[in-house]
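Undergrad: Would you mind keeping the following structure in view while I ask a few things?
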Amino acid sequence: VDYVDTLIADIRRLKKEKNAIILAHNYVLGDVQDVADFVGDSLELSKKARQVDEEVIVFCGVSFMAETAKILSPEKKVIHPVTAAGCPMADMADAPALRRFKQDHPDAVTVCYVNSSASLKAEVDICCTSSNAEEIIGLIPEDRRIIFLPDKNLGANVARATGRQMILWEGFCPTHMRLRPAMLERKKEEFPHAVVIAHPECRPEVLDLADYSLSTGGMLSFARSTEAKQLIVATELGIIHRLQKENPDKQFIPISEQAVCMTMKMIELEDVKRSLETLTPKVELEPDIITQAKAPIVRMIEQRL
Ligand code: 13P
Ligand code: SF4
């Protein structure tokens, strides 16, 4: 039996012994996705984390996702196998800076993309993900101004789709920022019959060239139901693993081989095994932060302001 098979067998055994569930994001390494009990986008993972029976959640994704799981299930042990796996976009906004920003726009409703720290969420009115941002904006009365943070691209894309004016924060995803309209134009010339699906963290000029703007979970459902046999995929490369696995008869063409989020690749099978053995590193948050950050996440899940 080879090394990886042994690791996988050990992880499966430890999972039972420790009463643990493994949750993974669609961008993590393929073999980590394959050993997980549930793989999804940010919204699907939040909903799942809210209703797990197991005592331990091993979260394979970036820090803000593991924090969200802890906020929604504070009584569980939530383990994030590699603490250093953060989201550079989430690091572009912090609570003190938001407090100063809000002083300039005191009457605005603050909408925060889940790609943000727990302490930032503690300061906002409602959260959103890339799959529900338009619905969340739709909950806000027309006469209220909106601060949207931290992703200026998602903000601009949602502002266009909803026709609402939004005050945008200067944050972005470095991985999606690297995807340029010219890259997509070239792929479209090469594959003229392909349907283009793009993540709303892409620049608006990239989305202009796409057929559909979708979260990672939205991409997976779209791929399952479409008649198209060729799809150009404008998002992080990790998604290709599941797209191809679930749709072996279709061809998925990444917009660029450069679309790699380094921190999403930091958790390896070895880390998952060690985490299950030691039940560390645990996600720990101040009880006050948990209470304050939970409110905007629950408002998002329940779609009420
Ligand atoms: P999704 O919610 O679409 O999975 O996006 C998460 C993310 O980090 C995208 O970069
Ligand atoms: Fe953050 Fe971008 Fe990586 Fe998603 S792909 S985790 S937004 S840096």
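The values are calculated or read from the model by the stated rules, or taken from the named source; none is laboratory data. Keep in mind that what you see is a predicted model, and the values were worked out from it rather than measured. Note: ideal-geometry Cβ built from the backbone for every residue, glycine included; neighbour counts use all protein chains shown. Only protein heavy atoms, including side chains, enter the accessible area calculation; ligands, DNA and RNA are left aside. Shrake-Rupley method; radii C 1.70, N 1.55, O 1.52, S 1.80 Å.
Undergrad: In segment 131-151, how many are touching a Gly at 6+ places or on another chain (Cβ under 8 Å) and crowded, with 22+ Cβ neighbours inside 10 Å?
TA: From segment 131-151, those touching a Gly at 6+ places or on another chain (Cβ under 8 Å) are 131, 148-151; that's our starting set.
Now restrict to residues that are crowded, with 22+ Cβ neighbours inside 10 Å: 148-151.
Looking only at that region, the number is 4.
Undergrad: Would you mind telling me which numbered condition in (1) under 17 Å from G40 (Cα atoms); (2) crowded, with 16+ Cβ neighbours inside 10 Å L209 fails?
TA: So the condition that L209 fails would be (1).
Undergrad: Look through segment 232-249, keep the residues that are assigned to a loop (DSSP other than H, G, I, E, B) and open to solvent by less than 20 Å² (accessible area, probe 1.4 Å), and return whichever of them is farthest from ligand 1 (Cβ to nearest atom). Give the derivation first.
TA: Start the filter on segment 232-249 by keeping residues that are assigned to a loop (DSSP other than H, G, I, E, B), which leaves 235-238, 247-249.
Subset that is open to solvent by less than 20 Å² (accessible area, probe 1.4 Å): 235-236, 238, 247.
Working: T235: 7, E236: 6, G238: 10, N247: 18 Å.
Residue satisfying both the conditions and the ranking: N247.
Undergrad: Could you please tell me which pairs satisfy a Cβ distance under 6 Å, a separation of 6+ or placement on different chains, a first residue in segment 162-189 that is in contact (Cβ under 8 Å) with a residue 60 or more places away in the chain, and a second residue that is assigned to a loop (DSSP other than H, G, I, E, B) and of a type in the set (D, E, K, R)?
TA: C173/E201; T175/E236; H176/E201
Undergrad: If you don't mind, there's one more thing I want to ask. Tell me, which helices (runs of 4 or more DSSP H) lie completely within segment 150-200 with 2 or more residues that are under 23 Å from the mean Cα position of the chain (by Cα) and over 24 Å from L243 (Cβ atoms)? Steps first, answer last, please.
TA: Working: elements: 152-162, 174-177, 181-190.
Qualifying helices (runs of 4 or more DSSP H): 152-162.
Undergrad: For segment 106-130, enumerate the residues that are part of a loop (DSSP other than H, G, I, E, B), more than 12 Å from ligand 1 (Cβ to nearest atom) and either surrounded by 24 or more Cβ atoms within 10 Å (Cβ to Cβ) or among the hydroxyl-bearing types (S, T, Y) (or both).
TA: Within segment 106-130, the first condition is being part of a loop (DSSP other than H, G, I, E, B), and the residues that meet it are 106-108, 114-117, 122-125, 129-130.
This time we only want the ones that are more than 12 Å from ligand 1 (Cβ to nearest atom), so: 106-108, 117, 122-125.
Residues satisfying the conditions are S117, V124.
Undergrad: Would segment 29-40 turn up any residue that is open to solvent by 10 Å² or more (accessible area, probe 1.4 Å), without any contact (Cβ under 8 Å) to a residue 24 or more places away in the chain and hydrophobic (A, V, I, L, M, F, W, C)?
TA: Looking for residues that are open to solvent by 10 Å² or more (accessible area, probe 1.4 Å), without any contact (Cβ under 8 Å) to a residue 24 or more places away in the chain and hydrophobic (A, V, I, L, M, F, W, C), one finds at least one in segment 29-40, hence yes.
Undergrad: Within the bounds of segment 91-105, is there any residue that is within 16 Å of ligand 2 (Cβ to nearest atom), within 19 Å of L305 (Cβ to Cβ) and either out of contact with any Asp or Glu (no Cβ under 8 Å at 6 or more places or on another chain) or not in a strand (DSSP E or B) (or both)?
TA: No, segment 91-105 has no match at all.
Undergrad: Name every residue in segment 250-261 that is more than 16 Å from ligand 2 (Cβ to nearest atom) and either crowded, with 21+ Cβ neighbours inside 10 Å or among the aromatic types (F, W, Y) (or both), in order of residue number. Spell out how you get there, then give the answer.
TA: Narrowing segment 250-261 to residues more than 16 Å from ligand 2 (Cβ to nearest atom): 250-253.
Across segment 250-261, the qualifying residue is only F252.
Undergrad: While we're looking at this one, here's another question. Please state which of the following conditions S256 fails to meet, knowing it meets all the rest: (1) of a type in the set (S, T, N, Q); (2) part of a loop (DSSP other than H, G, I, E, B); (3) within 30 Å of L120 (Cα to Cα).
TA: (3)
Undergrad: So is K273 outside the structural domain of D125 (by TED's automatic domain parsing) and surrounded by fewer than 17 Cβ atoms within 10 Å (Cβ to Cβ) or not?
TA: No.
Undergrad: Still on this structure, please answer the following. When residues of segment 176-205 are filtered for being open to solvent by less than 20 Å² (accessible area, probe 1.4 Å) and closer than 30 Å to H105 by Cα, how many remain? Steps first, please.
TA: Going residue by residue through segment 176-205, those that are open to solvent by less than 20 Å² (accessible area, probe 1.4 Å) are 176, 179, 184, 194, 196-202.
Of the ones still in play, those that are also closer than 30 Å to H105 by Cα are 176, 199-202.
Total satisfying the criteria: 5.
Undergrad: I've got another one for you. Quick check on T83: is it open to solvent by 60 Å² or more (accessible area, probe 1.4 Å) and not in a helix (DSSP H, G or I)? Don't jump to the end; show me each part of the working.
TA: Numbers: open to solvent by 60 Å² or more (accessible area, probe 1.4 Å): yes; not in a helix (DSSP H, G or I): yes.
The answer is yes for T83.
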